[in-house]
Amino acid sequence: MTDLIASPQNQLIKTVASLKQKKHRDELGLFAVEGVRLAEELVASDWQTEVCLFTETAAKQERAQGLLARLIEKQCRTVQVTDAVFNKISETEKPQGIMIAARQRRWGLSDLPSPVGSASTLLVVLDGVQDPGNVGTVIRTADAAGATGVILLKNCADPFSGKTVRSTMGSLFHLPIASDVARDDFLTFINQYRIKLAVTSLEAAMPYHKADLAGALAVVFGNEGQGVGPELVSASDSRIIIPLYGKAESLNVAVSAGVVLYEAALQRAL
């Protein structure tokens, strides 16, 4: 039987609302997945779901009904809440009335798909990218371009923040994402598996389409303001740049990732 909660002071509501803050997400090992499409992507994956909160209005829609049925099959607790209560936990301007609290999955470098270092290896690495929308969009782009994994070095935005999760459009659940990785550990890892390192750079760099992006490769995209750190630039096998033909000073990091990763995908297809 589905529960009904009408009070924003209910302990479960307080717990789910607290997931807006990183410290509580980390303490509980949970994060929020809001919206029908994202919830469908989550349920279609093997990620663990804890509880689903939904409104009466949402429950009347066919897609939501199917989603709730699948959650019940997975023995996920389902709780109906009032619109006022849902607005308390929502992070979106136009809530769809459905949210799942899910268990986080944390990968380390050793958890990336095998065989690491094979010709099919394509790792997308973010170095200090702090905007959660950018991080989420790069994860989505990496998924679309056929990357085998994403590595978030220290000081990147939290992959489980609401904005990051929404920006991934479900790709969070499609490929492994190693987060909070130290630069030294990353460099040791790619050296161990003989993975080429390409970094985006403004100095002594070749146009991205002239670089060798085939074979086992890790591509690093840097902080929105500072770019890739000097330690990684010094260790790189190639430095690449996207030429600008108009008057724009630079490209958004997520756009840059799309351009470079699809060039890598093209070279691998040849």
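The values are calculated or read from the model by the stated rules, or taken from the named source; none is laboratory data. Model, not experiment: these values are computed from the prediction. Cβ coordinates were reconstructed from backbone atoms using ideal geometry, including for glycine residues, and neighbour counts include every protein chain displayed. SASA here: full protein model, heavy atoms, side chains in, ligands and nucleic acids out. Shrake-Rupley method; radii C 1.70, N 1.55, O 1.52, S 1.80 Å.
How large is the dipole of the chain about the Cα centre if only Lys and Arg carry +1 and Asp and Glu carry -1, each at its Cβ, rounded to the nearest 20 debye?
240 debye
Using the Cα centre of the range 13-115 as origin and beta-carbon charges of +1 (Lys, Arg) and -1 (Asp, Glu), tell me which of I89, L109, Q21 is placed farthest towards the positive end of the dipole.
Q21
To the nearest 10 square angstrom, what accessible area does D158 show with a 1.4 Å probe?
Probe radius 1.4 Å; accessible area of D158 about 20 Å².
Taking the Cα centre as origin and putting +1 on Lys and Arg beta-carbons and -1 on Asp and Glu beta-carbons, what dipole magnitude results for the range 119-185, to the nearest 20 debye?
Once rounded to the nearest 20, the dipole reads 220 debye.
Given T164, A64, L251, which one lies farthest toward the positive end of the charge dipole of the chain, if we put +1 on the Cβ of every Lys and Arg and -1 on the Cβ of every Asp and Glu?
The Cα lying farthest towards the positive end belongs to A64.
I need the Kirkwood Rh of the range 85-166: take the reciprocal of the average 1/r across all distinct C-alpha pairs and report it in angstrom.
14.5 Å
Hey, can you list the DSSP H helices of the chain whose Cα span along the axis is 20 Å or longer and whose average Kyte-Doolittle score is at least -1.0?
For the chain, where a helix must reach 20 Å along its axis and average at least -1.0, the hits are 253-269.
Suppose the Debye formula is applied to equal point scatterers at every Cα of the chain; what is log10 I(q)/I(0) at q = 0.12, 0.14 Å⁻¹?
Evaluating at q = 0.12, 0.14 Å⁻¹ gives log10 I(q)/I(0) of -0.75, -0.93.
Evaluate the charge dipole of the range 1-138 about its Cα centre and quote only its size in Debye, nearest 20, assuming +1 on the Cβ of each Lys and Arg and -1 on the Cβ of each Asp and Glu.
Here the range 1-138 has a charge dipole of around 220 debye.
Which values of log₁₀ I(q)/I(0), to two decimal places, follow from the Debye formula for the range 128-270 at q = 0.14, 0.22 Å⁻¹ with a uniform point scatterer at every Cα?
Taken in order of the listed q values, log10 I(q)/I(0) reads -0.62, -1.65.
Given C-alpha coordinates of the range 198-270, what is the ratio Rg to Rh with the Kirkwood estimate of Rh?
That ratio is 0.94, to two decimals.
From the C-alpha gyration tensor of the range 130-194, pull out the three semi-axes of the equivalent ellipsoid (sqrt of 5λ each), sorted largest to smallest, in whole Å.
Three semi-axes, in Å: 21, 14, 8.
How big is the Kirkwood radius of the range 73-116, worked out from every pair of different alpha carbons and given in Å to one decimal?
13.9 Å
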